[in-house]
Each structure stands twice: as structure tokens, then as C-alpha cells.
1. From the convex hull of the Cα coordinates of segment 106-172, what is the mean projected area in square nanometres?
2. Listed highest first by mean packing, meaning other Cβ atoms within 10 Å per residue, what order do 395-401, 270-276 come in?
3. What percent of all Cα-Cα pairs in segment 112-236 falls in each 5 Å bin, counting up from 0?
4. If you work out Cα Rg over 2.2 N^0.38 Å from the coordinates, which of (1) 1.01; (2) 0.94; (3) 1.18 do you get?
5. Among the trypsin sites (Lys or Arg not before Pro) within segment 114-155, which fall in a DSSP loop and have no more than 14 other Cβ atoms within 10 Å of their own Cβ?
6. Taking square-rooted eigenvalues a ≥ b ≥ c of the alpha carbon gyration tensor, is segment 247-364 rounded, prolate or oblate, where a/c under 1.5 means rounded and, failing that, a/b exceeding b/c means prolate?
7. Of Lys129/Lys273; Lys208/Lys388; Lys296/Lys348; Lys32/Lys88; Lys234/Lys294; Lys273/Lys354, which ones are farther than 28 Å apart at the Cα?
8. Check Leu117: other-chain or 5+ apart residues with amide H under 5 Å from its amide H, H built from backbone geometry?
Amino acid sequence: MNSPTEAEIGAYLAASGAAAWQVPGLSDATPKRAIKTVGIIGAGTMGGGIAMNFATAGFDVKIVETTQEALDRGLKVVRGNYQRSSDKGRFPQEEVEARMGRFDGRLALADLADCDLVIEAVFENMELKRKIFTELDAVMKEGAILATNTSALDINEIASMTKRPEDVIGLHFFSPANVMKLLEIVRARHTADDVVATCMALAKDINKIATLVGVCPGFVGNRILFARQIQANKLVYQGVMPWDVDAALNAFGFKMGPFQMSDLAGLDIGWSKGATTDNPIRDALCELDRRGQKTKAGFYDYDDARRPIPSDVTAGIIRDITGAEPSTMSADEIVENCIYSMINEAVKILEENKAQRPSDIDVVWLNGYGWPADKGGPMFYGDMVGAKAVLARMEKLGAEDSAFAPAETLRALAASGGKFTDIDTGGLKV
């Protein structure tokens, strides 16, 4: 393995961060739309967190919910977040009142009509988003930017519900949105240059790190995350316990492994009682009311301090469902299965022109998913281990599942000795 120095890693991270702001083909002279008032649809965890970014930066925010109760609950959470920061001495009490004073709670989408930017932050449900964008098209003023916070859905389809697809863009914030630095700005097929330029500039105004990406399932960050999660699930079906997968990825440098992350998010996302999904282990856990940290049991058991403890109940469910013999797979092999699959998926994203450059993928994973800084990002780490090693693992995984077949560019790199960070497939294309 090539082991770069701390200085070399630091220089790469600094250059990558600077490059992410550069959009080839977009002139510095591209006009920007004036953004003074921002509308947020949804006052839940995402909507409230997104709104906080703007209120903190001095923007007036109108926030819409379907009921007064939901609106009051959402604004109470926002106030609580600001109050905790003030109590810790980050800003004076009067700043709490100043920020809350920028919020204007409403119960109708039509009340957003005069906003310069509106961001939809409702459930990940395409029909609901189609309905909202149809209504936004009818009520929003001319020239308003219509943004969706979807984390995986087809923004081209969402934009097609309007007569102004050039005004539609994805602004994918990461949870908790008032804390996480990354903002994936998703350029759809018809998004106008000035909308892209405005949103890139706005990201700086609200103190985010932005990357411009294209439309595909999961965009850049979640698409790579999905590949890792699928491989993690496959390992469990081979007899590797969830805590062994997590321990290997913790040792690699992630604060949370895939199953720790699932328990934190809640295993019942996308699940309802009696449902049969493509993840029967998760279904069985949920049926036992083991839905993650919030129920003190998921893949792990949790004590009062929310410490994860390997669970005999989970181990029994896994044995019953998979029939697999307990595995003694090494931590190195677990890491290769999960991490090399991420690298391969990242290369496919570049082949499909859904990212501007390899280093943008590293910026996404460093700032949105807790990738360990000493390993530079998936592309940088690919160069540390070398394309031949990644290819050898992906040929094995691809033989088991064609979805993980090696990318053609990976094969070419292995043959030529080329670097992942030097891949140039023509940049972002919509």
C-alpha cells in the first residue's frame, strides 16, 4: 500500500475542497438571482434543520406545515437547538430571539408565493413531491428557484411537473442539516446556469461545503453508501455478524459502521407493520419492536447510555433467516468487500458523468459521511491500495453479483497503472 505523508494528504484535501467550487463551463460573470426570502416546506427534522441554516445567516424564512400542531412542534425544536447553543456560550441570548424572529410559520403553500427560493423537505415519496411541485408551479412568482431536498429520487421527474424545469434544482442537505457541512447541489436536465451559480454562491452564504452532482439514484453520496450497505448485508448472509462488520469499518476509521448507522437512523424507515421487504432480517427485527436506538434495541441492544451491545436475539434471527454457519472472515476482507465496492461505484458514477471530478467524490464522503481524513476519500484511498487490488476484489464480487462487476475504467487503470484521482471522463453532463 502507498502511504502518503500527512502533508501530502493535507495538500490533497485543500486542493479538492477548492476545486469543488469550480464549475467548468460556468462563467464567473454568470448572473445570480437575488435571494432575500426563503420558503421551506416541512418543519420536521430536515425542514427545521435546513431553515436554521438560512435564519442563522440572516435570511427571512417562511416555513410551511400541514397542521398548526406540526408547525408549533417544529419551531419548538428549532428554538431548543438555538437555546442549547446559547447556553453553551456560542452566542448571546438576544441572538436566539433575533434568529427566531426571522421565522414566519404558515399553513399553506400559497403563502410562499413571494419567496425567492423554496426548498421542499417532505417525506421521500415521489407522488407527494410531484403533487407539491405541481402546486408550487401554480403559486410561485416568476424567477423563483424551486428546490427539492430529496436524497435519492429522480429530480428530472419532479421538475417535469412544472412548466419551468429550468428553475428546478436539488439541494440535498445532510442530517442534522443545521450541523452537517455538506450540500449536494443536484443539477437536473434543464436546470439553468444562473440557478446553478446562485445556489453555489448561496452555499457559501450559509456556510456549507458544496459539490455539484448529476441526477442518478442516490446522486453521489448515497449511491456509494447504498453499494456499501448491500455488501454489508451480503456479509451477514455469509455468517458475518453485524457487529463484526461495524468493528472492521470502525477500525478503518469510520465512527459508525453500516449497522450502527441503521440503528441510529431507525430500522423502520420505509417499513410498516406486516410489511415484507427485500430485507427480511430488518423486517423481523422491526416486528419485535427492535427499531434501533429509539426503542433501545435494533441490530444491537442498547443500555441507558445508548451504548451498543451485540445481541443474542439478533444473532438468532440472522441464523434462522440465513441458515449460514458463523464466519471467521478477517477484518481486512470485510473492509475490502465494503470499501472496494464503494470505489468501484464511484468510478461508475464518473463513467456516467454524474460528478464533476474524482476529488469531488472525496469531498462528498469526507464532509457528509465521516470518511476518515487520513485516508483522503474513496478515490484517494483507491490510489493508496492500487487499482489492481481493487480490481481483483471486484472481479470476485462481480462473479457473485453482476451489479458489482468491475467498471471498465477500473480495468483500464489496473492495466495502465493509472490513478483514480486522475480519472477524466469529461466531467458532469446532464
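The values are calculated or read from the model by the stated rules, or taken from the named source; none is laboratory data. Please read these numbers as outputs of a predicted model, since none were measured by experiment. With ideal geometry, Cβ positions are generated from the backbone for all residues, glycine too; neighbour counts draw on all protein chains shown. We work out accessible area using only protein heavy atoms, side chains counted, and drop any ligands, DNA or RNA first. Shrake-Rupley method; radii C 1.70, N 1.55, O 1.52, S 1.80 Å.
1. Taking the Cα atoms of segment 106-172, their convex hull projects to 4.0 nm² on average.
2. Averaged packing, sorted descending, gives the order 395-401, 270-276.
3. 2, 11, 21, 23, 20, 13, 5, 3, 2, 1, 0
4. Read-out taken from this structure: (1).
5. When the trypsin sites (Lys or Arg not before Pro) of segment 114-155 are filtered for loop state and at most 14 Cβ neighbours within 10 Å, Lys141 remain.
6. It is prolate, given that a/c is not under 1.5 and a/b is the larger ratio.
7. In this structure, Lys208/Lys388; Lys296/Lys348; Lys32/Lys88; Lys273/Lys354 exceed 28 Å between Cα atoms.
8. Thr37, Gly39, Ile145
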